[in-house]
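The values are calculated or read from the model by the stated rules, or taken from the named source; none is laboratory data. Everything numeric in this text was worked out from a predicted model, so none of it was measured. Counting neighbours? That spans all protein chains shown, and the Cβs are built from the backbone with ideal geometry, glycine included. These area figures cover heavy atoms from the full protein model, side chains too; ligands, DNA and RNA do not enter into them. Shrake-Rupley method; radii C 1.70, N 1.55, O 1.52, S 1.80 Å.
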Amino acid sequence: MILVTGANGNLGSATLAALRSRGVATRGGSRTPGEGMQRLDFDDRMSIDLAEVSTLVLISAGYAEDDQVVERHAAALEAAVRDGVGHVVYTSLTTAGDHLGFALAHRATERLVQASGLSWTILRNGLYAELFGGLLMWAEHGVESAFGDGALAAVAREDLAETAALVAANPAAHSGCVYDLVGTPITAGQVADRLGVPHHTIGLGEYRRRLLEEIPGLLPFQPPMLASIATGVRHGFLGGAASDLADLLGRPARDPLATAVAAASATRPDTSA
């Protein structure tokens, strides 16, 4: 049986659905499990039960500080070894993301995976096209961002979920492989053009100020994380393409520009009132 962690999250739920659509015996795990899911809280090591799991799809538990993220992943891997899991698929971060503020937790986890003694596959996921579109900020004169003219090799989350499902369903074919799953490079200007509005670039200092002062609910680690994405795109570190995604899918990847446009449209203010 395949177990997908983080099954209440966007990537985990999509991966679970992709596996089930193929008729693969699959279970979801979450610290807040929904119907038909298993409770799986990596902060409670003694409760982690991976018995009868043949393949573990370890969706990165990245919503925390790096030390807590790595500890959670270590707990999952220790349980996988203890309970005789045959293979682990870890959703990591694109190779080009080494400059990002949240890369170290991913690379540290990759080391743990590779040293675990388990058969493994590492999926180095590109940044979501949904995230790229959602980070554009609407203003009276169009959209603003700190991305400048830089490109992001964005990828639709659904493609990453489908790839994870394909690998998890046939782990022997992908044992010991590291795949770089990025899409076609797109820019904020291209998204704005599709939306029919201008794009205006703001400085990184102004972007950081807005993150700190104008966006409620962000946790302390999130503003520097988001700022690192902006500067990585702006200065050309995240625009490189690779063929792994299309090769694994056996088809062209979904259009990341269309996905980013849809995400940006969803945040557009309603000015009809």
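A few points about this structure:
- Residues satisfying the stated conditions in the range 49-84, i.e. in contact with a helix residue (DSSP H, G or I) (Cβ under 8 Å, 6 or more places away or on another chain), modelled with pLDDT of 95 or more and of a type in the set (A, V, I, L, M): LEU50, VAL53, LEU56, VAL57, LEU58, ILE59, VAL69, VAL70, ALA74, ALA75, LEU77, ALA79
- Members of the range 111-146 that are free of Cβ contacts under 8 Å to residues at least 24 places away in the same chain and among the acidic types (Asp, Glu): GLU140
- Flag for GLN68 being within 23 Å of GLY117 (Cα to Cα) and not aliphatic (A, V, I, L, M): yes
- All positions within the range 151-171 that are touching a residue at least 24 places away in the same chain (Cβ under 8 Å) and open to solvent by 10 Å² or more (accessible area, probe 1.4 Å): ALA151, ARG157, GLU158, GLU162, LEU166, ALA169, PRO171
- Of GLY196, GLY176, all but one fail to be out of contact with any strand residue (DSSP E or B) (no Cβ under 8 Å at 6 or more places or on another chain), without any contact (Cβ under 8 Å) to a residue 60 or more places away in the chain and on the phi > 0 side of the Ramachandran plot; the exception is GLY196.
- Only residues that are buried (at least 19 other Cβ atoms within 10 Å of the Cβ) and closer than 24 Å to LEU245 by Cβ were counted across the range 190-200, and they come to 1.
- Flag if GLY250 is more than 30 Å from VAL4 (Cβ to Cβ) and either surrounded by fewer than 22 Cβ atoms within 10 Å (Cβ to Cβ) or more than 20 Å from the chain's Cα centre (by Cα) (or both): no
- Count of the range 209-224 residues which are surrounded by fewer than 18 Cβ atoms within 10 Å (Cβ to Cβ) and either within 22 Å of the chain's Cα centre (by Cα) or within 16 Å of THR267 (Cβ to Cβ) (or both): 11
- Elements of type helices (runs of 4 or more DSSP H) contained in the range 183-273, each with 2 or more residues being under 28 Å from ALA164 (Cβ atoms): 188-195, 222-234, 244-249, 256-266
- If you go through the range 182-200 and keep only what is more than 25 Å from the chain's Cα centre (by Cα) and of a type outside the set (Gly, Ala, Ser), you end up with ASP193, VAL197, PRO198, HIS199, HIS200.
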